[in-house]
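Coordinate-derived values only; no laboratory data. All values derive from a computational prediction rather than experimental measurement. Neighbour counts run over all protein chains shown; Cβ positions are idealised from the backbone, glycine included.
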Amino acid sequence: MTFREAFQQHAENNRKALYTPDGFSLSYFELKKQAEQLNQDFCDYVTNNSKRLLIFILCQQNVAATIAIAAILTGKHAAVLIPDAINNNQLKKLIDNYQPNIIYHTETGSIQHVSEKKHKLHSELCLMLSTSGSTGTPKQVKLSQNNLFENAKSIISYLHIDEKEKAITSLPLSYSYGLSILTSHLLAGASILVTDVSIMTRLFWDQIEQFQISSIAGVPYTYKMFQRLKLVEKTLPYLKTMTQAGGKLDKAQVCLFAEYAQRTNKQFYIMYGQTEATARMAYLKSTDVLKYPESIGIAIPGGSFKLIDENKKVINQAGVEGELVYKGSNVMMGYALNFNDLATEPELKELHTGDLAYRNTESLYFISGRQSRFLKLFGLRVSLIDIEQSLNNKGYEVACSGQDDFLTVLVVSNKTNHNDIKLIEENVIQLIREQLHVHPDVIKVKVCQSFPLNDNSKIDYKKVYEWVMLNE
């Protein structure tokens, strides 16, 4: 089956696909028709008679974006999903690298003609997502129709999603986790409340109750907000499933929500994934969360894990750390840096995650660290090297470290005046916010006289983190 065939099946059953808080709704029949019309509209804006177009979709959290994604899933074109928060310079960089035929602005529903370039697109290429959050780097993860379909099917299987489910757009559609909520629920024939209301508002929770939402998803920061909003004190009788991915959630918070789920007859799943694997690679069964709150669980249906040592030898013993390697039909086709990479054949048989992990005697996996310098903020993978280079270009000498729920930055300066130091810290925070579009609460910046070094006279990033936290 394909997404197109699934939509046809759901359309015949006249199920509701999308709806909004103001009363607007689309059945699967109407969604299918509007997706087909949008695909035709895309073609009408280009005169090069190319069978397949390259489209940039600037994703708002709205119905227009969901229809556009449905059009790509069921049509013939290929698209790059771009966060709506991207700035003009970042967008220009992407346009220069990929030369899209058109840009679809979902905020206005308008189509902008860009170029008549006849792109050479691989026959399986469907969607591309940024692997580095919103840092503006041009590297895109290439996902095939089959990658998206198989991952959605797997998610449906272990979360037991059916046509009765009611989800809500609590995460950006341009983010692999948010996209997977859409694809899995559409494939299952479920319905989705499309809203751009912040989880921090009372209105969001009013919508959860009013529309009897049955499942909700979040990254670590989301669950921190849930805790602050005292979600565990709410009954929410229609809410049956809670999922968390996009970085490691603190053990105490895992237990807090697992106990809440147990107390209120809900299911709380911990999940693990990367954009390079379309979205999900592992899940921890709800029944195992309280027993193993720091585990990512087991590979998703259709996928498998192995651990390898520094010599690429497979580790078979329990409790021994190695790099986590994933194999499954949801592993990406490869990366793209520009339009020349859009026709290349799929490059990977398996995905080296870059995460260090170990397996216990019950075959559950635990993430223990990272091989390279990346963080996940709000579920988006962010390169610490990119941030350092960007700040260096602004005249600041910095070292970046942190954990998945916040970024720590140490700035070297000979300033000793309190006001001068405060100004440096505020300026650096503002520059990072402009680059990453994140809340200042997840950025911690401190000024020092020199960086802590290790025995090889290199920056000791563990001590960078400790120094910032100690002086917070």
Region 349-366 - phi-based ³J(HN,Hα) in whole Hz, Karplus 6.51/-1.76/1.60, Gly and Pro as x: 9, 8, 10, 7, 6, x, 9, 8, 8, 9, 10, 8, 5, 9, 6, 8, 9, 10
Region 377-456 versus region 86-148: alpha-carbon centroid distance in Å: 29 Å
DSSP-defined antiparallel bridges as percent of all bridges, region 383-470, nearest 5: 55 percent
Label-point separation, Glu124 to Asn471 (7 Å along Cα→Cβ), nm: 5.1 nm
For region 383-470: lysine pairs under 20 Å (alpha-carbon distance), excluding those fewer than 8 apart on one chain: 13
Mean ellipticity per residue at 222 nm, deg cm²/dmol - from DSSP H runs of n ≥ 4 across the chain, formula -39500 (n - 2.57): -10000 deg cm²/dmol
Cα-centre dipole for region 383-470 with unit charges at Cβ (Lys and Arg positive, Asp and Glu negative), debye to 20: 200 debye
Three-way shape label, region 265-331, alpha-carbon gyration tensor, a/c 1.5: oblate
Gyration tensor (alpha-carbon) shape descriptor, region 46-155, a/c threshold 1.5: rounded
Of Tyr272, Leu380, Cys448, farthest towards positive along the dipole that unit charges on Lys, Arg, Asp, Glu beta carbons give the chain: Tyr272
Around Ser304: net Lys/Arg minus Asp/Glu count, Cβ-Cβ under 11 Å: +1
Reachable lysines from Lys230, criterion Cα separation under 17 angstrom, eight or more residues apart if same chain: Lys266
Given charges at beta-carbon only (K, R positive; D, E negative), |dipole| of region 296-379 in Debye: 140 debye
Extension gain from Thr344 to Ala85, taking 0.36 nm per residue of separation minus the Cα-Cα distance: 90.3 nm
Cα-Cα over 32 Å, subset of Lys93/Lys166; Lys139/Lys234; Lys234/Lys327; Lys51/Lys92; Lys166/Lys285: Lys93/Lys166; Lys139/Lys234; Lys234/Lys327
DSSP-loop trypsin sites (Lys or Arg not before Pro) across region 202-265, with at most 16 other Cβ within 10 angstrom: Lys230, Lys234
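Place a +1 charge on the Cβ of each Lys and Arg in the chain and a -1 charge on the Cβ of each Asp and Glu, then give the dipole magnitude about the Cα centre in debye, rounded to the nearest 20.
Result for the chain is approximately 380 debye, rounded to the nearest 20.
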Anisotropy class of region 406-452 from Cα gyration tensor, a/c 1.5 cut: prolate
Dmax and Rg, reported as Rg then Dmax, of the chain (C-alpha, Å): 22.4, 71
Separation in nanometres of the label points that stand 7 Å from Cα toward Cβ, at Asn417 and Thr287: 6.6 nm
Spatial separation of Cα centroids for region 38-67 and region 197-228, in angstrom: 31 Å
